[in-house]
Ligand code: MN
C-alpha cells in the first residue's frame, strides 16, 4: 500500500526530555491516524527535525521510497524554519502541513512554561508556514485537533489526492493513431504534459492491436465473452460482432500489460486493420480503471486515469464523457452527455445491454456497444485544457438526473445532468473558461478534491457552481 511519511519539527533548545515527549506524542498521533486511515494509506513516522541535516535525511527518505506518495509535517514546538530549507528543496511530492496539537484543551489549572514550550504549534507552525510561502512550495494546510472527524477526513482526502498524484507521475498513455484531424481542444503540448504531470504520451499504430487481436485464441475470446455475459445482458443476435469486440479487448489488455501503459486513446479516423470502432472493449476497460480518450484525446485519457485513482474506495462513478445535446425547456434545462460508443460501464444505473448497431461515421462495420441509463446524484464535471503557456482545470458542480423519458431510438449509453447555478450561467461560464467538450464526470469526487489536486500540482483552476454569479462571468471570463 502507498504510504505517507510523518515528519515532526522541533529543535534542541528545550532539552532532551522535551524531544522525547515530542517523539512519543508523534508516535501516538501516527498510531491514531493509521487506525483511522489504514484502509486508504499507511503513515510512518520519521525522526524529528532538529537540524538542517536531519531534515535533509528525512526528505531523502521521502524522495527515494517509491511507495511514499507524500509527507505530513507538523511543528510540535518551535522549529526555526531555516533548518527546513534544504530538505524542502529536495521535496517533490505532495505536502500536508498539519496544523494541530497533541492536546485538545488547554490545561488551565496546570499550564506552566514547560507545557507552553512543548506545545507551541501556534508559534512553530507559523514560522514553518512562512518558509513554505517563501519557497513557494505547493502544499495543503489542515488545521484542527487531529482526532476531530473533520481533520481526519481532510487527511484522508489528502491521502487520496496524493495517491492520484503518485499515479499521475506513472501515467503512460498509448495513443493509437493521432489527434482527430482539425480538432483543437483535444490537442496540445505533449511534452509539457510530461514535464508538468508526469504523463508519458506514446504513439503506436492501431495496426499493432489488429495484429495482436488476430493472434488471439478462440479460448481467450470465449473467456472474455463469459465475462461479458456475466456482467451484461446480451441483447443482440449478432454474436460475431460482440466476439470481435471481445478480441479487441483481449488485445488491448495484452498490450497494456506488456507495455505497462495505464491508459490509451484511439480514433475512428485511424482503425487500420480493425473492422469496428472499439466500443464495449473500451467501455469494459474503463470500468476497470483503465483511462481512455477517444479521437486521440490524450489529456482526458490521463485525467480520467488520475481521477479514477482519486475516487478509489469511494462510492460513486468516475469516467470520461462528452457533452452532446440539450433539452432547453425553459427553467428545466438539461444536458445529455454520451459519446459515439465509449461511455464507461461504471456510469450504468441498470444492467447494461450489449447491442449492435450501425455507426454513422467512420465507415466501419456495425460495432457492439453497451447501452444503459446513467447514474444520478450530485457530481462534478472536470476538464483540463492546454492554453500554450499554462494548463487550466475547469470544474463544474452538476446534478446527474434520471432521463425524463425513454429514448428508444438512441442506441448508446448516456447520462443526463443539470448545470449549476443554472443553465445560463453554468454553461456560459464553461464556454468562457474554454472548457472542452470532453471531460471527466464523477459522482464520487467533489470540488474540494479538484481544488486540492490543482493546488498541489500548481494548476490554474476555475470552478463553477452555486456560488458562480452573472458578475463572475464578466469578472473572470471576459
Ligand atoms: Mn469526442
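Some observations on this one:
- Overall Cα dimensions of the stretch 3-168, principal axis frame, Å, largest first: 50, 33, 25
- Taking 10 °C and 1.306 mPa s as conditions, the chain diffuses translationally at an estimated 65 µm²/s according to Stokes-Einstein applied to its Kirkwood radius (Cα pairs).
- Remark: the stretch 320-478 is approximated by an ellipsoid whose semi-axes, taken from the C-alpha gyration tensor as √(5λ), come to 29, 18, 15 Å, largest first.
- Approximate spin-label separation residue 460-residue 202, in nm, with each point projected 7 Å along Cα-to-Cβ: 3.2
- Taking the convex hull of the alpha carbon positions in the stretch 227-343 and averaging its projected area over all directions gives 9.7 nm².
- Theoretical ellipticity at 222 nm over the chain - DSSP helices of four or more residues, -39500 (n - 2.57) apiece, nearest 500: -12500 deg cm²/dmol
- Gained length - residue 239 relative to residue 115, 0.36 nm times residue gap less alpha-carbon distance: 37.1 nm
- Whole-number percent relative contact order across the stretch 172-476, with pairs defined as alpha carbons under 8 Å at least 6 apart: 18
- At 1.306 mPa s and 10 °C, Stokes diffusion of the stretch 180-249 via Kirkwood alpha-carbon radius, µm² per second: 104
- Relative to the dominant Cα principal axis of the chain, helix 218-231 is inclined by about 70°.
- Spatial separation of Cα centroids for the stretch 311-387 and the stretch 172-231, in angstrom: 19
- Between helix 121-135 and the chain there is an angle of about 50 degrees, using the helix long axis and the longest principal axis of the Cα atoms.
- Viscosity 1.002 mPa s, temperature 20 °C, Stokes-Einstein D of the stretch 80-206 from Kirkwood C-alpha radius, µm²/s: 116
- Converting the Cα gyration tensor eigenvalues of the stretch 9-91 into ellipsoid dimensions via √(5λ) gives semi-axes, longest first, of 21, 18, 8 Å.
Every number in this text was worked out from the coordinates using simple rules, so none of it is lab data. Computed from a predicted structure; not experimentally measured. Methodologically, a virtual Cβ is constructed for each residue, glycine included, from the backbone with ideal geometry; neighbour enumeration extends over all protein chains shown.
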